[in-house]
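The values are calculated or read from the model by the stated rules, or taken from the named source; none is laboratory data. Keep in mind the model is a prediction, meaning the values are calculated, not measured. Positions of Cβ are backbone-derived with ideal geometry, glycine not excepted, and every protein chain shown enters the neighbour counts. To get the accessible areas, we keep the full protein, side chains included, count just its heavy atoms, and leave off ligands, DNA and RNA. Shrake-Rupley method; radii C 1.70, N 1.55, O 1.52, S 1.80 Å.
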Amino acid sequence: MGLLGTVVAYSEEVYPLVKLKLAADRIRRQIPAEPHWAFSYSMLQKVSRSFALVIQQLGPQLRNAPPFHVPKFYSINMVCVFYLVLRALDTVEDDTSIPSDIKVPILQNFYRHIYDREWHFSCGTKDYKVLMDKLHLVSIAFLELDRSYQKAIEDITKRMGAGMAKFICKEVETTDDYDEYCHYVAGLVGLGLSKLFHASGSEELAPDNLSNSMGLFLQKTNIIRDYLEDINEIPKSRMFWPRQIWSKYANKLEDFKYVENSTKAVQCLNDLVTNALIHAEDCLQYMSALKDLSIFRFAAIPQIMAIGTLALCYNNVEVFRGVVKMRRGLTAKVIDQTYSMSDVYGAFYEFSSMLKSKIDNSDPNASLTHKRVDAIQKACISSGLLNKRSLHVSGSKFHYVTLLTMVVFLLVAMLIPFLLHK
């Protein structure tokens, strides 16, 4: 489908897409002058553009968390520092060229290194290498956070580094291993964010099991979606699909890459998606307890993206051929229109319906998949909020007036950067 065809087919996504572009441009212009703040802001946008946008949903008590002597204009996003520290830790883990005897001690001691204004370690590629080479600048930003935030970030970094080190020397064999690994690399992020939200005075402290599920739902989605990228990793692949699941369908995990194994590959994929869906109800419960709108949006947007990505990946052989992800326009629409639990329930219901429509009853896990999708939909229906939502992910009726309005906004968006440079 060409650009014009896409605009016509998804006209309701054009306006949110334009707003998202304007927001991204605005973020790029908000780079502070001090070197460590400037580096942290710009690096966040380079290593995760989507997270840089989502993080803007947070209120000032979480965005601006430096000590009193740092001007507010130059304040760094506390969650941004948290993300960059963990992104750096993840870069060490992901670099398969680092020998284990060097990598493991770095992972185990990373929580100490973030207090060192001079420590850095060269690894990773492209923007991730820049992050690691200049990590001392992130440390300077970290050291300007309130002590309560520092301790929360240190605790999660310590536990995550230890967990990553454990799995450097251990394969993901069982589904229990799978859950444990995902807990270390993502569940702990959920726990850490819940602690930060609580420390800010904005939220009650969420139960650990719900915080953990928030992380596991996102991480399992990423692991499923990134099969091809991970299996083709240079100099060697590092996979996290549990042997207990994939060994039911192939002798070697890389066999799924080949066309002749497509049927078994998709069955394994569906098995893993079904496994991930078990966390969805916990995620709905966690989000329904949030009080602060900015924190709610920060938490809800990635979860909607996750259920949407799982719906796209399910029963989709393209996971083994290339990249499967949501349209940018739909992503923009989710960011623009997610403001309440009715929007979340609506999105989860619609995406789970999309997934349900793709279930082949001959699939080995069809019955269990139906059961888990039905549980998600029951939770959404029982909320009584489905008819109150403003977000509709399946689209709406096309109107030419709407399209004309969108085109005008698009032209304005294109002209603004030009006029700003005049």
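Computed values, structure above
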item	result
Residues GLU118 and LYS325, FRET efficiency given R0 of 56 Å [Cβ-Cβ distance, rounded to 0.05]	0.90
Share of pairwise Cα separations in the stretch 216-303, more than 15 Å, in percent	64 percent
Point-to-point label distance, ALA33-LYS358, nm (Cα→Cβ direction, 7 Å offset)	5.1 nm
Calculated diffusion of the stretch 249-383, Stokes-Einstein form, Kirkwood radius summed over Cα pairs, 25 °C and 0.890 mPa s, µm²/s	156 µm²/s
Surface share of carbon and sulfur [accessible, 1.4 angstrom probe, percent] for the stretch 92-227	50 percent
Largest to smallest principal axis extent of the C-alpha atoms in the stretch 118-240, angstrom	43, 36, 23
Mean Cβ neighbour count within 10 Å, used as a protection proxy, ranking 225-236, 296-307, 137-148, 374-385 highest first	296-307, 137-148, 374-385, 225-236
